[in-house]
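Participant: Sharing a structure below in structure tokens format, with a few things to ask.
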Amino acid sequence: MIENNKLYQDLTKTYTRPVEKIVKFFITSAAFAAILISISIVFTLLTEAINFFQDPAVTFKEYFTATRWTPTFKNPEYGVMVLISSTLYIATIACLISFPLGLFSAIYLSEFASKRTRKVIKPVLEILAGVPTVVFGYFALNWITPNIVQRFLPGSGVFNALSAGIAVGIMIIPTIASISDDALKAVPNSLRFGSLALGSTRRITAIKIMLPAALSGIIASFILGFSRAIGETMIVTIAGGQYPELNLDPRRAMYTITSSIVNVSLGDTPHGTTPYNALFALGITLFIMTFVLNLASDYVARKYRKEYE
Amino acid sequence: MNNAITGRKTENAIKESMFLFLLYICVVIAILTLMTLIYDVISTGFERLTDDYEIGIINKIQVENPRDFLTSLDSRDPLKAGIGPAFAGTIWLMFIVVSITFPFGAGAAIYLQEFAPKNKLTRFIELNLTNLAGVPSVIYGLLGLAVFVRLAGFGRSVLSGGLTLTLLILPVVIVASREALKAVPDTIRQGALALGATKFQAIFRQVVPSAIPGMVTGMVLGLSRAIGETAPLIFMGALTYVNYYPDNPLSGFTAIPIQVYNWIGYPQAEWKDTASAGIILLLLLLLTMNSLALFIRNRFEKDW
Amino acid sequence: MEKVNLNTSQENLSKEFVFKADNVSVSYGEFVAIKNVNLDIVKNKITAFIGPSGCGKSTLIRTFNRMNDLIPSASVSGTINYQGVDLYDKDVDPVQVRRRIGMVFQKPNPFPKTIRENIAFGLKVNEMTDNIDDRIEKALTQAALWDEVKDDLDKNALELSGGQQQRLCIARTIAVEPDTILMDEPCSALDPVATKRIEDLMQELVQNFSILIVTHNMQQASRASDYCAFFTTKTSDDGKRRTGELVEFSETNSMFTNPKEELTEQYISGRFG
């Protein structure tokens with residue numbers, strides 16, 4: 001019932017300003033652009049990769065079973081398993097280094113370090129995280145290879161998988177450390193203090209109480225680190241060299257998916273040729289691998305995270 | 001009985017110290033590696049960057065560093081080669097990246113944080129953003145090649161490079177901007193609305209201005225990531241021997257990390273010094289940007 | 001609860017009401033926060049909502065300026081008649097409502113800007129920008145803050161003391177010339193001296209505004225308000241939920257000296273709450 005007409009008129013006035021509408025449209029589109037980008041990535045990789053497989057010179061079977069990756073040779077071979085195995089090999093070396101170093105650094109930071117020490121070490125890790133990969137590549141080629149790999153592993157070439165693996169591992173340490181640190185910090189103090197109050201030592205508390213409690217976050221960081229190691233490009237391109245055949249010798253060069261993408265584009269490969277399309281076949285292979293790993297990392301972090309009140 | 005307790009105590013104490021020692025080692029290795037890296041780069045490149053010297057046998061040329069290093073073109077002679085065009089290319093890229101990333105990134109963040117309904121579609125957008133942040137940078141390069149270089153017809157230009165880098169850091173910038181918006185307390189929104197402001201007025205006149213320092217910090221940090229990237233730009237023709245300054249957005253270009261990558265690849269020993277000099281410059285640039293971000297954060301971010 | 005009327009119908013005619021709430025209930029999804037409220041709020045008087053915590057007083061007061069609209073799961077049933085208009089009529093714009101019915105919050109929430117800008121904001125969004133400096137001065141004077149800040153209008157509002165900040169919030173609310181001010185425990189974050197100043201301020205403001213105040217402080221209600229509404233909670237049958245209800249509503253004097261309901265008497269004498 002409307003008894004007060006004037007007031008009703010006033011209360012039902014709505015102003016729409018055109019500026020508001022325009023801005024709202026813009027920001028909504030900006031947000032939806034995120035979906036657009038994802039779709040573009042998948043679409044682009046897919047279409048060009050399909051072109052690759054439609055080339056009579058290449059078959060699915062060959063892609064997965066050939067033993068060499070030599071797109072620029074006179075009789076090109078397109079065996080991706082060489083690249084995948086090298087990629088996994090180097091990524092594994094990287095993880096063997098970064099998982100313990102990163103995890104223990106995180107345990108130190110969250111369970112043992114004083115506030116002052118944390119204030120010093122955390123920035124150092126952040127600086128490490130900010131170093132461009134090309135710099136790590138330089139470091140691997142010019143310092144790690146001569147001073148570590150060639151010294152301890154005689155017979156190593158200038159380009160070798162071990163050097164690249166070590167450098168990638170160092171690069172990933174901040175990722176492992178900071179995510180694990182967050183996971184450990186998220187465990188409530190009541191668990192920490194409860195264990196210590198029972199007479200337990202810091203070491204036992206850290207290993208038997210905190211680690212299991214933060215395990216989901218830590219595992220998620222491992223999976224993420226592995227994913228990053230697989231996707232790393234410049235370090236392996238600079239220090240890992242090219243060796244297009246399957247081999248497991250860390251002293252020799254190795255050709256990963258990422259470094260072969262770089263090398264194909266370096267050469268004279270005009271659009272439409274098989275080597276050009278091969279780029280995208282590799283791209284989608286890499287994308288699928290990292291995508292699955294990233295999903296797994298997210299899944300582990302969510303599903304197994306213990307909800308604390 | 002006393003012995004039992006003290007015996008246990010010593011055994012525990014040893015285990016404690018060993019564990020702590022293990023942790024220390026890990027942290028020290030990480031720190032030492034960084035220090036070694038920096039030391040190696042500086043010791044190799046510092047002289048190249050700052051010394052003055054004379055080159056040439058018949059026609060002697062005086063080289064004055066760092067001025068000449070910063071402004072010279074690339075060259076076949078490692079002692080003459082300079083980072084001028086690469087530096088210019090990096091600056092061009094910075095401008096392009098900021099001018100597109102900041103409005104889109106901030107806009108998307110404002111929408112997602114303040115206006116988006118909490119439904120499946122919004123969740124899907126957020127999921128996409130998280131996934132995009134984990135895609136290797138080389139794949140963004142491939143995307144840029146297909147979309148900007150070929151489809152849009154921008155060719156192998158600094159514009160294509162800048163747009164590709166924008167795509168790379170956009171997810172990161174959006175997340176950082178969202179955090180800045182989340183940090184503004186809800187009481188501010190409510191206070192504005194209670195005065196008869198529309199949601200739009202409350203958000204854009206009170207919430208966003210308060211979140212700007214955080215958003216700018218996020219932008220600067222994203223930018224510093226972008227200029228250190230090499231892989232995405234490889235497909236933009238940046239690896240070819242670029243010996244000129246870009247003069248328009250559709251011009252060819254090179255960038256500092258790309259130039260350094262080229263120099264690393266040359267076999268002669270002197271190139272190592274040149275590459276290190278380039279790296280020092282790159283690291284200084286990043287240091288400046290990160291300090292700027294830190295400065296903005298400390299000076300302007302509100303302590304709610 | 002039966003409809004609780006104020007005194008006789010003859011006195012009803014001579015009073016003007018700013019709000020008439022008829023069988024109002026507020027729910028958040030399935031959960032009923034407060035139900036079956038029947039209240040007639042008298043114009044230009046101070047009406048206090050008192051009762052133990054959790055009985056929906058804040059929820060109820062927010063229905064009067066449609067602030068509950070901001071919570072997606074909130075729903076309001078029943079009618080609230082605001083000076084002859086159904087406040088929840090489908091064409092009524094909440095933005096217009098909030099200009100006429102202002103709100104002061106529990107924790108002072110000035111904008112992180114200058115004092116001047118805090119007041120100017122409300123004026124600008126409501127297009128009351130003529131003579132803006134005079135309006136600012138008038139609002140600060142009415143809020144008993146002008147003398148303290150008149151030389152520092154460009155100072156950041158966050159540098160003021162708690163009591164000053166709250167008076168600033170009151171100033172910016174009254175600057176847009178509402179007819180009603182809703183106050184949700186405005187003094188609970190303040191010290192006793194600042195509290196007293198605000199209570200004195202309320203007595204001055206009520207000459208020009210109708211004031212609804214939610215308070216935990218019974219003494220404050222008894223000394224500062226003209227009318228009082230006492231709420232309590234009723235636990236659901238499964239013991240899990242508590243829903244608020246209006247127990248008694250009358251002139252403050254008579255409620256505190258001669259409460260009609262036993263629950264009221266128990267609360268007032270401090271036996272629970």
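The values are calculated or read from the model by the stated rules, or taken from the named source; none is laboratory data. Remember, predicted model here, so these are calculated numbers, not experimental data. Don't worry about glycine lacking a Cβ; one is built from the backbone with ideal geometry, like all the others, and counts go over all protein chains shown.
Participant: Are there any pairs with C-beta distances below 7 angstrom linking a residue in the stretch B:264-277 that is touching a residue at least 60 places away in the same chain (Cβ under 8 Å) to a residue that is in a loop (DSSP other than H, G, I, E, B) and surrounded by fewer than 24 Cβ atoms within 10 Å (Cβ to Cβ), with the two at least 6 apart or on different chains, and if so which?
Facilitator: B:GLN268/B:PRO78; B:GLU270/B:PRO78; B:GLU270/B:LEU79; B:TRP271/B:PRO78; B:THR274/B:PRO78
Participant: Can I ask one more? Could you count how many residues in the stretch B:140-173 are more than 9 Å from chain A (Cβ to nearest Cβ) and not β-branched (Val, Ile, Thr)?
Facilitator: 15
Participant: Another question, then. So, in the stretch C:207-245, how many residues would count as being farther than 21 Å from C:GLY51 by Cβ and crowded, with 18+ Cβ neighbours inside 10 Å?
Facilitator: 1
Participant: Exactly one of these conditions fails for A:TYR255: (1) buried (at least 23 other Cβ atoms within 10 Å of the Cβ); (2) more than 13 Å from chain B (Cβ to nearest Cβ); (3) assigned to a helix (DSSP H, G or I). Give me its number.
Facilitator: Of everything listed in (1) buried (at least 23 other Cβ atoms within 10 Å of the Cβ); (2) more than 13 Å from chain B (Cβ to nearest Cβ); (3) assigned to a helix (DSSP H, G or I), A:TYR255 misses just condition (3).
Participant: Just give me the residues in the stretch A:132-158 being of a type outside the set (A, V, I, L, M), buried (at least 23 other Cβ atoms within 10 Å of the Cβ) and over 25 Å from B:LEU223 (Cβ atoms), in sequence order.
Facilitator: Selection gives A:THR145 alone.
Participant: Within the stretch C:208-224, which residues are among the small types (Gly, Ala, Ser) and within 19 Å of C:LEU190 (Cα to Cα)?
Facilitator: C:ALA221, C:SER222, C:ALA224
Participant: Identify all residues within the stretch B:122-149 that are under 17 Å from the mean Cα position of the chain (by Cα) and aromatic (Phe, Trp, Tyr); write none if there are none.
Facilitator: Answer for the stretch B:122-149, where residues must be under 17 Å from the mean Cα position of the chain (by Cα) and aromatic (Phe, Trp, Tyr): just B:TYR140.
Participant: Among the residues of the stretch C:136-172, which ones are in a loop (DSSP other than H, G, I, E, B), at pLDDT 90 or above and basic (Lys, Arg)?
Facilitator: Scanning the stretch C:136-172 gives a single hit, C:LYS155.
Participant: For the stretch A:94-121, which residues satisfy the criterion of being part of a helix (DSSP H, G or I), free of Cβ contacts under 8 Å to residues at least 40 places away in the same chain and not aliphatic (A, V, I, L, M)?
Facilitator: A:PRO100, A:PHE104, A:TYR108, A:LYS115, A:ARG116, A:THR117, A:ARG118, A:LYS119
Participant: Now, a different point. Can you name the condition, by its number, that A:ALA57 falls short on among (1) in contact (Cβ under 8 Å) with a residue 60 or more places away in the chain; (2) within 18 Å of A:ILE257 (Cα to Cα); (3) of a type in the set (Gly, Ala, Ser)?
Facilitator: With (1) in contact (Cβ under 8 Å) with a residue 60 or more places away in the chain; (2) within 18 Å of A:ILE257 (Cα to Cα); (3) of a type in the set (Gly, Ala, Ser) applied to A:ALA57, the lone miss is (2).
Participant: When the residues of the stretch B:112-139 are filtered to those that are within 8 Å of chain A (Cβ to nearest Cβ) and touching a residue at least 40 places away in the same chain (Cβ under 8 Å), which remaining residue is nearest to B:GLY237 (Cα to Cα)?
Facilitator: B:VAL138
Participant: Tell me, which residue of the stretch C:119-142 that is touching a residue at least 40 places away in the same chain (Cβ under 8 Å) and within 14 Å of another protein chain (Cβ to nearest Cβ) is surrounded by the fewest Cβ atoms within 10 Å (Cβ to Cβ)?
Facilitator: C:MET128
Participant: Of all residues being over 24 Å from the mean Cα position of the chain (by Cα) and of a type in the set (Val, Ile, Thr) in the stretch A:247-287, which is farthest from A:PRO56 (Cα to Cα)? Just the residue, please.
Facilitator: A:THR269
Participant: State which residue is farthest from A:ILE173 (Cα to Cα) when the search covers only the stretch A:225-247 and only residues that are within 11 Å of chain B (Cβ to nearest Cβ) and polar (S, T, N, Q).
Facilitator: A:THR237
Participant: Scanning the stretch B:218-267 for residues that are assigned to a loop (DSSP other than H, G, I, E, B), within 27 Å of A:LEU128 (Cβ to Cβ) and not hydrophobic (A, V, I, L, M, F, W, C), which turns out nearest to the other protein chains (Cβ to nearest Cβ)?
Facilitator: It comes out as B:GLY228.
Participant: Which residue, of B:THR90, B:THR50, is more than 14 Å from chain A (Cβ to nearest Cβ), among the hydroxyl-bearing types (Ser, Thr, Tyr) and in contact (Cβ under 8 Å) with a residue 12 or more places away in the chain?
Facilitator: B:THR50
Participant: State yes or no: is B:THR33 touching a residue at least 60 places away in the same chain (Cβ under 8 Å), among the hydroxyl-bearing types (Ser, Thr, Tyr) and within 14 Å of chain A (Cβ to nearest Cβ)?
Facilitator: Against the criterion (touching a residue at least 60 places away in the same chain (Cβ under 8 Å), among the hydroxyl-bearing types (Ser, Thr, Tyr) and within 14 Å of chain A (Cβ to nearest Cβ)), B:THR33 does not qualify.
Participant: Residues being over 29 Å from A:PHE52 (Cα atoms), modelled with pLDDT under 90 and surrounded by 20 or more Cβ atoms within 10 Å (Cβ to Cβ): count how many of those fall in the stretch A:279-309.
Facilitator: The qualifying residues number 1.
Participant: Of all residues being more than 18 Å from A:PRO174 (Cα to Cα) and without any contact (Cβ under 8 Å) to a residue 60 or more places away in the chain in the stretch A:200-224, which is farthest from the other protein chains (Cβ to nearest Cβ)? Just the residue, please.
Facilitator: Within the stretch A:200-224, the match that is farthest from the other protein chains (Cβ to nearest Cβ) is A:PRO212.
Participant: State the number of residues belonging to the stretch A:95-110 that are more than 7 Å from chain B (Cβ to nearest Cβ) and either in contact with a Ser or Thr (Cβ under 7 Å, 6 or more places away or on another chain) or among the polar types (S, T, N, Q) (or both).
Facilitator: Residues flagged as more than 7 Å from chain B (Cβ to nearest Cβ) and either in contact with a Ser or Thr (Cβ under 7 Å, 6 or more places away or on another chain) or among the polar types (S, T, N, Q) (or both) within the stretch A:95-110 amount to 5.
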